[in-house]
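Peer 1: Encoded as structure tokens, here's the structure I'll be asking about.
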Amino acid sequence: MSGSIDGRLVNRADLAGIFGVSVNTVTNWIEKGCPYVERGSNGVEWQFDTAAVVDWKIQRAVENVAMNAGEDSSKSRREDADCRRAVANAIVAEINADEALKAVVSRHDAVADMATFCQVLRTGLSNMASKVAGRAATMTNASEIEAMAKAEMNRAFTAAREEIAQRWFAGRDTDDDAGGADRNPPTG
């Protein structure tokens with residue numbers, strides 16, 4: 001599973017919340033070898049990579065099952081179920097956190113937005129064809145016809161870009177995206 005989920009850096013309390021356990025349980029995990037990014041000390045919080053902890057929990061569950069192979073132990077089945085539940089809870093918590101931070105996009109929203117973009121672009125390009133056909137008949141210079149066609153095509157792309165930008169950025173404050181990754185692209 002390593003590498004399939006990008007983890008987040010969290011402190012001990014956040015890790016406990018993600019897995020639905022107490023901070024004391026996380027302390028016990030550390031004593032049993034739970035991986036951490038930074039060891040806590042005076043005034044410095046522990047830091048954990050959630051993906052590494054999920055991998056560690058899975059590995060421990062696999063080792064536990066291997067050790068208890070052949071045993072009909074209700075304790076090992078309960079521990080396995082608890083581990084699977086903890087991993088599932090951690091994954092769900094990460095997804096919920098990403099959704100709350102607006103770091104993910106709904107597949108349905110993306111499909112609807114791209115369909116709108118394509119429709120606006122198609123309409124613009126269809127209009128371009130009729131405009132170019134009507135005006136080109138009166139033009140004699142090939143570079144003039146090419147320039148007009150490019151201008152109309154750019155108009156279609158600009159309309160599609162503005163439509164998608166309106167859907168994605170309507171009502172957003174420009175300070176919402178401090179990193180700038182989601183800002184409107186420059187026009188030109």
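The values are calculated or read from the model by the stated rules, or taken from the named source; none is laboratory data. Bear in mind the structure is a predicted one, so any value in this text is a computation, not a measurement. Every residue, glycine among them, receives a Cβ derived from its backbone with ideal geometry; neighbour counts consider all protein chains shown. What goes into the accessible areas is simple: the full protein's heavy atoms, side chains included, and nothing from ligands, DNA or RNA. Shrake-Rupley method; radii C 1.70, N 1.55, O 1.52, S 1.80 Å.
Peer 1: Ranked by accessible surface with a 1.4 Å probe, highest first, in what order do K131, K57 come?
Peer 2: K131, K57
Peer 1: By how many nm would the segment from A133 to F157 grow when fully extended, if each residue of separation counts as 0.36 nm and the alpha-carbon distance is taken off?
Peer 2: 6.8 nm
Peer 1: Additional query: Take the Cβ-Cβ distance between S126 and K102 as r, set R0 to 30 Å, and report the resulting FRET efficiency rounded to the nearest 0.05.
Peer 2: Given R0 = 30 Å and the Cβ-Cβ separation, E is 0.30.
Peer 1: Now for a separate question. What is the distance in Å between the Cα centres of region 9-70 and region 83-133?
Peer 2: About 34 Å separates the Cα centre of region 9-70 from the one of region 83-133.
Peer 1: Within region 10-39, find all residues whose amide N lies under 14 Å from a label point positioned 7 Å from the Cα of E63 along Cα-to-beta-carbon.
Peer 2: Only 29-36 fall inside the zone, counting backbone N under 14 Å.
Peer 1: Please give the solvent-accessible surface of F169 in Å², to the nearest 10, using a probe radius of 1.4 Å with every protein chain present.
Peer 2: 40
Peer 1: Contour minus end-to-end for I95 and L9, with contour as 0.36 nm per residue of separation and end-to-end as the Cα-Cα distance?
Peer 2: Here the answer is 29.5 nm.
Peer 1: Provide E79, E152 ordered by accessible surface of protein heavy atoms (probe 1.4 Å), highest first.
Peer 2: E79, E152
Peer 1: Please list R155, R8, R107, R167 in order of solvent-accessible area, largest first, computed with a 1.4 Å probe with all protein chains present.
Peer 2: The residues order as R107, R155, R167, R8, largest area first.
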